[in-house]
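Asks: Before I ask anything, here is the structure I am working with.
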Amino acid sequence: MLPNRYWPFASCLLLTVLASVAALYVPMAAWGVVAFGSLSLVGLWDLLQRKHTLRRNYPLTAHFRYGLESIGPEIRQYFIESDTHEAPFSRLQRAIVYQRAKAVTDTRPFGTMRDVYGDDYEWINHSMQPARIESHDFRIAVGEDRAQPYQASVFNISAMSFGSLSGNAIRALNAGAKRGGFYHDTGEGSISRYHREHGGDLVWEIGSGYFGCRDEAGRFDRERFRANATDPQVKMIELKLSQGAKPGQGGILPAAKVSPEIAEARGVPVGVECHSPPAHSAFSTPIGLLEFIQELRELSGGKPTGFKLAVGHPWEWFAIAKAMRETGITPDFVVVDGGEGGTGAAPMEFIDHVGAPMREALMLVHNTLVGLDLRSRVRVAAAGKIVTAFDIARTLALGADWCNAARGFMFSLGCIQSQSCHTDRCPTGIATQDPSRQAALDPVDKATRVYNFHRNTVVALKELLAAAGLTHPSQLGPEHIVRRVSSTEVRSLATLHRFVAQGRLLEGIPDHAVFEVFWDRARPDSFAPPPEAARMMASKQR
């Protein structure tokens, strides 16, 4: 007896025969021959091929499974997931960005959809005496003692390279940044012609590939760096040590993707495979890193210069901090990129399990600088799933001076979280180099949305601050944010987390586990692991 799983295929064969007979008398039946015959051929191919067991066991019907699987993310996103399920961003988070970008009402009726008695629910405490704030244009001075200091907005566009994003997306982001007076981080793909069209403030990110400032062998080139860095549009220099979504991993841009435009921006040959190594070649020690920072600052004409990192081994960060004290060289800013950050493409293990999340990483960086009495000299920024004014407020309360966002600004361009960034088939023309797809993105209209999203978000931040009785984001501290830790207990971030007193590391080791274990063992002249860690690594070796 024919197994049930073959019945759809057998039915198509039978219907093909019947339609063929009927076509002898009724010409219209020929369409049935075409339809059922085509399905029969597909089923026959399923039976004959040897690559997919499922297709051999379930000819024809296996394709329905593949089809449903291919639209599974859309089915979950639009029909199954709740409005508050954050994977990676909830419908409510995306909706607030869309509303603010379009400058339509962003108020909500009836009451919160959050479970205010659920674990990890957070809020900001308000004041009996709300403040009056005249302007939402909050500024943070960076590199005040440098020749060309910069006044940064409290909210900016995080690193996204041309190549990962389309030319029209870059145009829109930079035009929106120009109009709103906030900065646009270039990403490590360097400064493209699209970044330059509208003249918006740029933070030039330099990765291990030294794109835009490299010689033919991929090494750092001082003169090429100077040529770009002294451009008045470039306001700050950011050396990328690692990225939150894939720290410790380099990359290869296949030769086929190295178009003339990408080659022009990166300073590489057209149509030649382009490497971005995991580690920098310009330095190999913490002291070497700071000396390189100083060199970049001098070559740029005294522009604020810092670095971006995803925190990994704590002793490596401590080594950099100790090198600051030993050399007297400090970066003007440090950008902390959380492990929850986004990327165009990365292995699952890196996205899910490599790099410290933003909150823990930010507090470690902030506490170390405070403990060394260096916090007033080094500004700290943070990035990682930041889209709302409360996200900004909570991050500033934990120690940041300003925040950056990448996917939030992608939403303002119209991103629908299709998670197809790595396929070159982005449905909204943002994360693609396909000319026909990106042509559908109108940079003039989207620039207005980028501007609106930024403006309406910092206006919302102003209202939060005013309700808390504060007048500037710099006044936010961990005592202002409260988190529920159980159904019967809430704690402020000030009591939930440990914060180091100013100058405490100059007196000795604070009562803080990570400092107790690793601080004394970190060396300013080496990123090497401490002896205890090295012995543990060697314990498995023969």
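Asks: Kindly rank 142-152, 234-244, 528-538, 309-319 from highest to lowest mean number of other beta carbons found within 10 Å of each residue. Mind showing how you got there, number by number?
Replies: On the way: 142-152: 17.5, 234-244: 24.8, 528-538: 12.0, 309-319: 21.7.
Peptide ranking by packing, descending: 234-244, 309-319, 142-152, 528-538.
Asks: Taking loop as defined by DSSP and a crowding limit of 13 other beta carbons within 10 Å, which GluC sites (Glu not before Pro) in the stretch 4-96 fit?
Replies: Numbers: sites: E69, E74, E81, E86; in loops: E81, E86.
When the GluC sites (Glu not before Pro) of the stretch 4-96 are filtered for loop state and at most 13 Cβ neighbours within 10 Å, E86 remain.
Asks: Please give the charge dipole size of the chain, origin at the Cα centre, charges +1 on K and R Cβ atoms and -1 on D and E Cβ atoms. Round to the nearest 20 debye.
Replies: Working: 59 positive and 56 negative charges, 198 e Å.
In total the dipole reaches around 960 debye.
Asks: Roughly how many Å² of V365 are accessible to a 1.4 Å probe, to the nearest 10?
Replies: It works out to around 0 Å².
Asks: Read phi for every residue in the stretch 476-486 and hand back ³J(HN,Hα) as whole Hz from Karplus 6.51 cos²θ - 1.76 cosθ + 1.60, θ = phi - 60°, with x for Gly and Pro.
Replies: 5, x, x, 6, 7, 10, 10, 10, 7, 9, 7
Asks: Under a point spin-label approximation (7 Å from Cα along Cα-to-Cβ), what is the R498-Q419 distance to one decimal in nm?
Replies: Using points 7 Å along Cα→Cβ, the separation is 3.7 nm.
Asks: Another one. Taking all protein chains in place and a 1.4 Å probe, what share, in percent, of the accessible surface of the stretch 122-209 do carbon and sulfur account for? Write out the running numbers ahead of the final one.
Replies: Working: 1390 of 3310 Å².
Reported share for carbon and sulfur atoms: 42 percent.
Asks: Right, here's the next one. Can you sort I252, I351 by solvent-accessible area, 1.4 Å probe, largest first?
Replies: Numbers: I252 100, I351 75 Å².
Putting I252, I351 in descending order of accessible area: I252, I351.
Asks: For the chain, what is the mean residue ellipticity at 222 nm derived from helices alone (per DSSP H run of n ≥ 4: -39500 (n - 2.57); sum divided by total residues; nearest 500 deg cm²/dmol)? Don't skip to the answer; put the middle values down first.
Replies: Values: 22 runs with 216 residues, N = 542.
Using -39500 (n - 2.57) per qualifying helix, the result is -11500 deg cm²/dmol.
Asks: Counting only heavy atoms of protein chains, what accessible area per residue, in Å², does the stretch 263-396 have with a probe of 1.4 Å? It would help to have the intermediate numbers written out before the result.
Replies: Values: 4420 Å² over 134 residues.
About 33 Å² of surface per residue is accessible.
Asks: Kindly sort Y66, Y78, Y210 by accessible area of their heavy atoms, largest first, with the probe set to 1.4 Å. Numbers along the way, then the final one.
Replies: Values: Y66 70, Y78 120, Y210 0 Å².
Ranking Y66, Y78, Y210 by accessible area, largest first, yields Y78, Y66, Y210.
Asks: In the set (1) 0.96; (2) 1.23; (3) 1.14, which value of Cα Rg over 2.2 N^0.38 Å was calculated from the structure you see?
Replies: Comparing each candidate, only (3) matches the computed number.
Asks: Apply the Karplus curve 6.51 cos²θ - 1.76 cosθ + 1.60, θ = phi - 60°, to the phi angles in the stretch 313-325 and return the couplings in whole Hz, x for Gly and Pro.
Replies: Here the 3J(HN,Hα) series is 4, x, 5, 6, 5, 4, 5, 5, 5, 5, 5, 4, 5 Hz.
Asks: For the stretch 160-285, what number results from the quotient of the Cα radius of gyration and 2.2 N^0.38 Å? Show your work: numbers first, answer last.
Replies: On the way: Rg = 13.9 Å, N = 126, 2.2 N^0.38 = 13.8 Å.
That ratio works out to 1.00.
Asks: Explain nothing, just compute: Karplus ³J(HN,Hα) = 6.51 cos²θ - 1.76 cosθ + 1.60, θ = phi - 60°, for every residue of the stretch 423-431 in order, whole Hz, x for Gly and Pro.
Replies: Couplings: 9, 6, 10, 4, x, 10, x, 8, 9 Hz.
Asks: Any idea what the relative contact order of the stretch 455-521 is, in percent, if you count C-alpha pairs under 8 Å spaced at least 6 apart? Before the final figure, lay out each step's value.
Replies: Numbers: 37 pairs, mean separation 10.2, N = 67.
Normalised by residue count, the contact order of the stretch 455-521 is 15 percent.
Asks: Considering only protein heavy atoms, what is the solvent-accessible area of D120 at a probe of 1.4 Å, reported in Å² to the nearest 10?
Replies: The accessible area of D120 comes to roughly 110 Å².
Asks: Where the centre of each part is set by its Cα atoms, how far does the stretch 481-529 sit from the stretch 130-164, in angstrom?
Replies: 27 Å
Asks: Tally up the carbon and sulfur contribution to the accessible surface of the stretch 254-387 as a whole percent, 1.4 Å probe, everything protein left in place.
Replies: On the way: 2640 of 4790 Å².
That fraction is 55 percent.
Asks: Between the stretch 336-361 and the stretch 221-249, what is the separation of their alpha carbon centroids in Å?
Replies: Using only Cα atoms to place each centre, the spacing works out to 21 Å.
Asks: Still on this structure, please answer the following. Quick check for you: with a 1.4 Å probe and neighbouring chains kept, what is the accessible area per residue of the stretch 415-542, in Å²? Please report the intermediate quantities before stating the final value.
Replies: On the way: 6990 Å² over 128 residues.
The answer is 55 Å² per residue.
Asks: Probe of 1.4 angstrom, ligands and nucleic acids ignored: what's the accessible area per residue over the stretch 1-151, in square angstrom? Each step should come with its number before you reach the end.
Replies: Details: 10790 Å² over 151 residues.
Spelled out: the 1.4 Å probe surface of the stretch 1-151, per residue, equals 71 Å².
Asks: Sticking with this structure for a sec: What does the charge count near R521 come to, summing +1 for each Lys or Arg and -1 for each Asp or Glu among other residues with Cβ under 15 Å from its Cβ? Write down the numbers at each step before the final one.
Replies: Working: positive: K322, R523, R535; negative: E316, E516, D520, D525, E532.
Its environment carries a net charge of -2.
Asks: Using a 1.4 angstrom probe and counting only protein chains, how large is the accessible area of K257 in Å², to 10?
Replies: Surface accessible to solvent at K257 totals approximately 110 Å².
Asks: How high is the relative contact order of the chain, given as a whole-number percent (alpha carbon pairs under 8 Å, six or more residues apart)?
Replies: Numbers: 1035 pairs, mean separation 97.3, N = 542.
Contact order relative to length: 18 percent.
Asks: List the residues, sorted by chain then number, that are 5 or more residues from H85 or on another chain and whose placed amide H is less than 5 Å from its amide H.
Replies: Placed amide hydrogens put R91 under 5 Å from H85.
Asks: On the accessible surface of the stretch 1-59, probed at 1.4 Å, how many percent belong to carbon and sulfur atoms?
Replies: Numbers: 3200 of 4320 Å².
Carbon and sulfur atoms account for 74 percent of the accessible area of the stretch 1-59.
Asks: Roughly speaking, what % of Cα-Cα pairs in the stretch 383-542 are separated by over 20 Å, rounded to a whole number? Don't skip to the answer; put the middle values down first.
Replies: On the way: 8860 of 12720 pairs.
Cα-Cα pairs in the stretch 383-542 separated by more than 20 Å: 70 percent.
Asks: Given 0.36 nm per residue, what is the gain on full extension from L24 to L2 after removing their alpha carbon distance, in nm? Intermediate values should be presented prior to the final figure.
Replies: Numbers: separation 22, 0.36 × 22 = 7.92 nm, distance 2.96 nm.
That pair, L24 and L2, stretches by 5.0 nm at full extension.
The values are calculated or read from the model by the stated rules, or taken from the named source; none is laboratory data. The model shown is predicted, which means the values in this text are computed figures rather than measured ones. Every residue, glycine as well, gets a Cβ built from its backbone with ideal geometry; the counts of neighbours run over all protein chains shown. All accessible areas refer to the heavy atoms of the entire protein, side chains included, with ligands and DNA or RNA removed. Shrake-Rupley method; radii C 1.70, N 1.55, O 1.52, S 1.80 Å.
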